[in-house]
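The values are calculated or read from the model by the stated rules, or taken from the named source; none is laboratory data. These numbers come from a predicted model, not from an experiment. All Cβ positions, glycine included, derive from the backbone under ideal geometry; neighbour counts span all protein chains shown.
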Amino acid sequence: MSESPLTSRRGFLRTAVALVPAGALAGCHNGAPGAAAPAQPASASAPRAEYKPRFFDAREWAFVQAAVDRLIPADAEGPGAREAGVPEFIDRQMDTPWAHGALWYMQGPFMQGVPELGYQLKLVPRDLYRLGIASVNAHCEKAHGRAFDALDATTRDSVLADLEKGAIELADVPANVFFAQLLQNTREGYFCDPIHGGNRDMAAWTMIGFPGARADFMDFVNQNGQPYPYGPVSINGERTG
(Lines give C-alpha, C1' and ligand atoms only; values in the text may rest on other atoms or scores of the structure.)
Protein backbone atom coordinates (compact mmCIF):
# COMPACT_ATOMS: atom_id res chain seq x y z
CA MET A 1 0.00 0.00 0.00
CA SER A 2 1.77 3.13 -1.17
CA GLU A 3 1.20 6.51 0.44
CA SER A 4 -0.35 8.19 -2.60
CA PRO A 5 -3.68 6.31 -2.76
CA LEU A 6 -4.35 7.04 0.92
CA THR A 7 -3.85 10.78 0.55
CA SER A 8 -7.00 11.11 -1.54
CA ARG A 9 -9.96 8.93 -0.70
CA ARG A 10 -11.81 9.83 -3.88
CA GLY A 11 -8.69 9.20 -5.99
CA PHE A 12 -8.20 5.83 -4.32
CA LEU A 13 -11.81 4.83 -4.93
CA ARG A 14 -11.66 5.89 -8.57
CA THR A 15 -8.63 3.63 -8.98
CA ALA A 16 -10.23 0.85 -6.96
CA VAL A 17 -13.51 0.78 -8.88
CA ALA A 18 -11.58 0.63 -12.15
CA LEU A 19 -9.79 -2.49 -10.93
CA VAL A 20 -12.89 -4.32 -9.68
CA PRO A 21 -14.43 -6.59 -12.34
CA ALA A 22 -17.58 -5.02 -13.72
CA GLY A 23 -19.66 -7.98 -12.59
CA ALA A 24 -18.60 -7.46 -9.00
CA LEU A 25 -20.40 -4.12 -8.83
CA ALA A 26 -23.88 -5.49 -9.37
CA GLY A 27 -22.98 -9.12 -8.71
CA CYS A 28 -20.02 -11.08 -7.45
CA HIS A 29 -17.53 -13.80 -8.39
CA ASN A 30 -19.22 -16.33 -6.10
CA GLY A 31 -22.11 -17.06 -8.45
CA ALA A 32 -21.24 -20.75 -8.86
CA PRO A 33 -23.34 -23.42 -7.10
CA GLY A 34 -22.62 -23.48 -3.40
CA ALA A 35 -22.19 -19.73 -3.10
CA ALA A 36 -23.02 -18.06 0.19
CA ALA A 37 -26.70 -17.35 0.75
CA PRO A 38 -27.88 -13.80 0.02
CA ALA A 39 -28.04 -11.42 2.94
CA GLN A 40 -31.51 -10.48 4.06
CA PRO A 41 -32.38 -6.77 3.74
CA ALA A 42 -32.35 -5.02 7.09
CA SER A 43 -35.30 -2.93 8.13
CA ALA A 44 -34.55 0.77 8.13
CA SER A 45 -35.99 1.08 11.65
CA ALA A 46 -34.62 -2.13 13.16
CA PRO A 47 -31.04 -2.27 14.49
CA ARG A 48 -28.73 -4.45 12.41
CA ALA A 49 -27.78 -7.69 14.11
CA GLU A 50 -24.06 -8.12 14.70
CA TYR A 51 -22.55 -10.43 12.09
CA LYS A 52 -20.97 -13.62 13.43
CA PRO A 53 -18.13 -14.91 11.23
CA ARG A 54 -18.43 -18.49 10.02
CA PHE A 55 -14.90 -19.04 8.73
CA PHE A 56 -12.58 -16.72 10.62
CA ASP A 57 -11.84 -17.33 14.29
CA ALA A 58 -11.72 -14.44 16.77
CA ARG A 59 -8.08 -13.55 16.13
CA GLU A 60 -8.46 -13.73 12.35
CA TRP A 61 -11.67 -11.72 12.49
CA ALA A 62 -9.95 -8.97 14.46
CA PHE A 63 -7.18 -8.86 11.85
CA VAL A 64 -9.57 -8.62 8.90
CA GLN A 65 -11.52 -5.78 10.50
CA ALA A 66 -8.37 -3.87 11.42
CA ALA A 67 -6.77 -4.36 7.98
CA VAL A 68 -9.72 -3.33 5.80
CA ASP A 69 -10.27 -0.34 8.08
CA ARG A 70 -6.86 0.99 7.00
CA LEU A 71 -7.17 0.01 3.32
CA ILE A 72 -10.36 2.09 2.95
CA PRO A 73 -10.74 4.27 6.05
CA ALA A 74 -13.86 6.28 6.84
CA ASP A 75 -13.86 10.00 6.24
CA ALA A 76 -16.22 12.88 5.48
CA GLU A 77 -16.96 11.54 2.00
CA GLY A 78 -18.25 8.16 3.07
CA PRO A 79 -17.94 5.09 5.31
CA GLY A 80 -14.81 3.00 5.47
CA ALA A 81 -14.56 -0.64 4.50
CA ARG A 82 -15.30 -1.82 8.01
CA GLU A 83 -18.49 0.23 8.30
CA ALA A 84 -19.53 -0.84 4.80
CA GLY A 85 -19.51 -4.53 5.79
CA VAL A 86 -16.37 -5.61 3.92
CA PRO A 87 -15.29 -8.04 6.69
CA GLU A 88 -18.64 -9.81 6.36
CA PHE A 89 -18.21 -9.98 2.59
CA ILE A 90 -14.76 -11.56 2.92
CA ASP A 91 -15.91 -14.06 5.54
CA ARG A 92 -18.85 -15.16 3.40
CA GLN A 93 -16.59 -15.53 0.36
CA MET A 94 -14.66 -18.19 2.27
CA ASP A 95 -17.64 -20.55 1.90
CA THR A 96 -17.78 -20.23 -1.89
CA PRO A 97 -16.32 -22.57 -4.54
CA TRP A 98 -13.82 -19.82 -5.38
CA ALA A 99 -12.34 -19.87 -1.88
CA HIS A 100 -12.10 -23.66 -1.93
CA GLY A 101 -10.17 -23.51 -5.21
CA ALA A 102 -12.95 -25.33 -7.07
CA LEU A 103 -12.78 -22.82 -9.93
CA TRP A 104 -9.00 -23.04 -10.40
CA TYR A 105 -6.58 -25.54 -11.85
CA MET A 106 -4.83 -26.73 -8.68
CA GLN A 107 -2.55 -29.53 -9.87
CA GLY A 108 1.24 -29.31 -9.59
CA PRO A 109 3.97 -28.59 -10.25
CA PHE A 110 3.82 -25.33 -8.33
CA MET A 111 6.56 -23.02 -9.58
CA GLN A 112 6.50 -19.26 -9.19
CA GLY A 113 6.84 -17.73 -12.65
CA VAL A 114 6.63 -14.26 -14.11
CA PRO A 115 3.66 -12.11 -13.01
CA GLU A 116 2.03 -12.48 -16.44
CA LEU A 117 1.36 -16.14 -15.65
CA GLY A 118 -0.88 -15.20 -12.73
CA TYR A 119 -1.36 -17.02 -9.45
CA GLN A 120 0.94 -20.05 -9.14
CA LEU A 121 0.74 -21.10 -5.48
CA LYS A 122 -0.73 -24.36 -4.18
CA LEU A 123 -2.78 -22.45 -1.59
CA VAL A 124 -6.49 -21.85 -2.17
CA PRO A 125 -7.87 -18.50 -0.89
CA ARG A 126 -9.05 -19.99 2.42
CA ASP A 127 -5.54 -21.25 3.13
CA LEU A 128 -3.96 -18.02 1.93
CA TYR A 129 -6.01 -16.06 4.45
CA ARG A 130 -5.55 -18.48 7.33
CA LEU A 131 -1.79 -18.82 6.92
CA GLY A 132 -1.27 -15.20 5.91
CA ILE A 133 -3.08 -13.74 8.92
CA ALA A 134 -1.20 -16.01 11.32
CA SER A 135 2.13 -15.08 9.72
CA VAL A 136 1.42 -11.33 9.79
CA ASN A 137 0.38 -11.50 13.45
CA ALA A 138 3.54 -13.46 14.26
CA HIS A 139 5.63 -10.78 12.51
CA CYS A 140 3.84 -7.97 14.35
CA GLU A 141 4.25 -9.65 17.73
CA LYS A 142 7.97 -10.08 17.08
CA ALA A 143 8.56 -6.62 15.66
CA HIS A 144 6.06 -4.56 17.69
CA GLY A 145 5.14 -6.69 20.69
CA ARG A 146 1.47 -7.14 19.80
CA ALA A 147 -0.86 -8.53 17.14
CA PHE A 148 -1.75 -6.47 14.07
CA ASP A 149 -5.19 -5.38 15.30
CA ALA A 150 -3.68 -4.03 18.54
CA LEU A 151 -1.28 -1.69 16.71
CA ASP A 152 -2.00 2.01 16.23
CA ALA A 153 -3.20 3.17 12.83
CA THR A 154 0.18 4.52 11.72
CA THR A 155 1.96 1.26 12.49
CA ARG A 156 -0.76 -0.77 10.79
CA ASP A 157 -0.30 1.37 7.68
CA SER A 158 3.44 0.75 7.80
CA VAL A 159 2.95 -3.02 8.08
CA LEU A 160 0.50 -3.03 5.16
CA ALA A 161 2.90 -0.97 3.05
CA ASP A 162 5.70 -3.45 3.77
CA LEU A 163 3.43 -6.36 2.87
CA GLU A 164 2.59 -4.73 -0.46
CA LYS A 165 6.28 -4.24 -1.25
CA GLY A 166 7.19 -7.75 -0.13
CA ALA A 167 9.52 -6.21 2.44
CA ILE A 168 8.33 -8.62 5.16
CA GLU A 169 9.38 -12.26 5.10
CA LEU A 170 6.30 -14.25 6.14
CA ALA A 171 6.65 -17.85 7.22
CA ASP A 172 4.02 -19.48 5.03
CA VAL A 173 2.96 -17.16 2.19
CA PRO A 174 4.56 -14.46 0.00
CA ALA A 175 3.76 -11.14 1.68
CA ASN A 176 2.86 -9.30 -1.53
CA VAL A 177 0.56 -12.12 -2.70
CA PHE A 178 -1.32 -12.10 0.58
CA PHE A 179 -1.63 -8.31 0.48
CA ALA A 180 -2.87 -8.36 -3.12
CA GLN A 181 -5.60 -10.87 -2.24
CA LEU A 182 -6.68 -8.85 0.79
CA LEU A 183 -6.76 -5.59 -1.16
CA GLN A 184 -8.67 -7.11 -4.08
CA ASN A 185 -11.31 -8.62 -1.79
CA THR A 186 -11.60 -5.34 0.10
CA ARG A 187 -12.29 -3.50 -3.15
CA GLU A 188 -14.82 -6.13 -4.21
CA GLY A 189 -16.60 -6.04 -0.86
CA TYR A 190 -16.76 -2.26 -0.86
CA PHE A 191 -18.37 -2.06 -4.30
CA CYS A 192 -20.36 -5.33 -4.52
CA ASP A 193 -24.13 -5.61 -4.37
CA PRO A 194 -25.25 -5.61 -0.71
CA ILE A 195 -26.70 -9.07 -1.25
CA HIS A 196 -23.15 -10.37 -0.72
CA GLY A 197 -22.64 -8.64 2.63
CA GLY A 198 -20.55 -5.61 1.62
CA ASN A 199 -21.44 -2.12 0.37
CA ARG A 200 -23.85 -1.78 3.28
CA ASP A 201 -26.78 0.52 2.49
CA MET A 202 -25.22 0.97 -0.97
CA ALA A 203 -23.08 3.76 0.45
CA ALA A 204 -20.21 3.15 -1.99
CA TRP A 205 -22.53 3.19 -4.99
CA THR A 206 -24.16 6.38 -3.75
CA MET A 207 -20.78 8.03 -3.30
CA ILE A 208 -19.61 7.29 -6.86
CA GLY A 209 -23.03 7.72 -8.52
CA PHE A 210 -23.41 4.09 -9.66
CA PRO A 211 -27.05 3.16 -10.45
CA GLY A 212 -26.73 -0.43 -9.29
CA ALA A 213 -29.17 -3.00 -10.64
CA ARG A 214 -31.66 -0.56 -12.14
CA ALA A 215 -33.40 -2.03 -15.17
CA ASP A 216 -32.78 0.96 -17.42
CA PHE A 217 -30.43 3.91 -17.13
CA MET A 218 -29.26 4.17 -20.75
CA ASP A 219 -30.67 7.71 -21.07
CA PHE A 220 -27.90 8.87 -18.75
CA VAL A 221 -24.94 6.95 -20.20
CA ASN A 222 -23.67 9.68 -22.52
CA GLN A 223 -24.33 12.62 -20.22
CA ASN A 224 -20.67 13.06 -19.41
CA GLY A 225 -19.96 15.12 -16.32
CA GLN A 226 -23.58 15.06 -15.17
CA PRO A 227 -24.37 13.30 -11.89
CA TYR A 228 -26.83 10.42 -12.05
CA PRO A 229 -30.04 11.87 -10.59
CA TYR A 230 -31.41 8.76 -8.88
CA GLY A 231 -30.14 6.60 -6.07
CA PRO A 232 -28.92 3.04 -6.69
CA VAL A 233 -31.01 -0.12 -6.50
CA SER A 234 -29.72 -3.46 -5.24
CA ILE A 235 -30.40 -6.89 -6.73
CA ASN A 236 -33.01 -7.64 -4.08
CA GLY A 237 -34.82 -4.35 -4.68
CA GLU A 238 -33.49 -2.14 -1.89
CA ARG A 239 -33.35 1.53 -2.88
CA THR A 240 -31.70 4.67 -1.58
CA GLY A 241 -33.82 7.04 -3.64
statement: Restricting attention to the range 125-142, the residues that are without any contact (Cβ under 8 Å) to a residue 12 or more places away in the chain and either hydroxyl-bearing (S, T, Y) or more than 23 Å from M106 (Cα to Cα) (or both) number exactly 2
task: For the range 212-235, enumerate the residues that are within 15 Å of D193 (Cβ to Cβ), modelled with pLDDT of 80 or more and not hydroxyl-bearing (S, T, Y).
output: G212, A213, G231, P232, V233, I235
message: Suppose we filter E141, E169 for residues that are surrounded by fewer than 18 Cβ atoms within 10 Å (Cβ to Cβ) and within 18 Å of L121 (Cα to Cα); which single one remains?
response: E169
task: Note down all Cβ pairs under 9 Å where the first residue falls in the range 191-213 and is free of Cβ contacts under 8 Å to residues at least 24 places away in the same chain and over 15 Å from I72 (Cα atoms), the second is part of a loop (DSSP other than H, G, I, E, B) and hydrophobic (A, V, I, L, M, F, W, C), and they're at least six residues apart or on different chains.
output: P211/F217
query: Are there any pairs, at least 6 apart or on different chains, whose C-beta atoms fall under 8 Å, with the first in the range 50-66 and farther than 15 Å from L128 by Cα and the second among the acidic types (D, E) and part of a loop (DSSP other than H, G, I, E, B), and if so, which?
result: R54/D95
query: Given the structure, is L123 under 22 Å from D57 (Cα atoms) and assigned to a loop (DSSP other than H, G, I, E, B)?
result: yes
- prompt: If we keep just the residues of the range 201-241 that are among the aliphatic types (A, V, I, L, M) and assigned to a loop (DSSP other than H, G, I, E, B), which is surrounded by the fewest Cβ atoms within 10 Å (Cβ to Cβ)?
  reply: A215
- request: Report yes if Q107 is more than 20 Å from L183 (Cβ to Cβ) and of a type in the set (S, T, N, Q), otherwise no.
  value: yes
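Table: residues versus (1) over 22 Å from K122 (Cα atoms); (2) of a type in the set (K, R).
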{"position": "A161", "(1), (2)": "yes, no"}
{"position": "P174", "(1), (2)": "no, no"}
{"position": "A180", "(1), (2)": "no, no"}
{"position": "R200", "(1), (2)": "yes, yes"}
{"position": "A204", "(1), (2)": "yes, no"}
{"position": "R214", "(1), (2)": "yes, yes"}
{"position": "G237", "(1), (2)": "yes, no"}
Unique residue being outside any helix (DSSP H, G or I), touching a residue at least 12 places away in the same chain (Cβ under 8 Å) and over 30 Å from P232 (Cα atoms) when the list is A161, A171: A171
query: Counting only residues that are in contact (Cβ under 8 Å) with a residue 60 or more places away in the chain and assigned to a loop (DSSP other than H, G, I, E, B), which one in the range 76-94 is farthest from L183 (Cα to Cα)?
result: E77
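For (1) of a type in the set (G, A, S); (2) under 18 Å from the mean Cα position of the chain (by Cα), each residue gets a yes or a no:
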{"site": "K142", "(1), (2)": "no, no"}
{"site": "A153", "(1), (2)": "yes, no"}
{"site": "L163", "(1), (2)": "no, yes"}
{"site": "V177", "(1), (2)": "no, yes"}
{"site": "W205", "(1), (2)": "no, yes"}
{"site": "A215", "(1), (2)": "yes, no"}
{"site": "G231", "(1), (2)": "yes, no"}
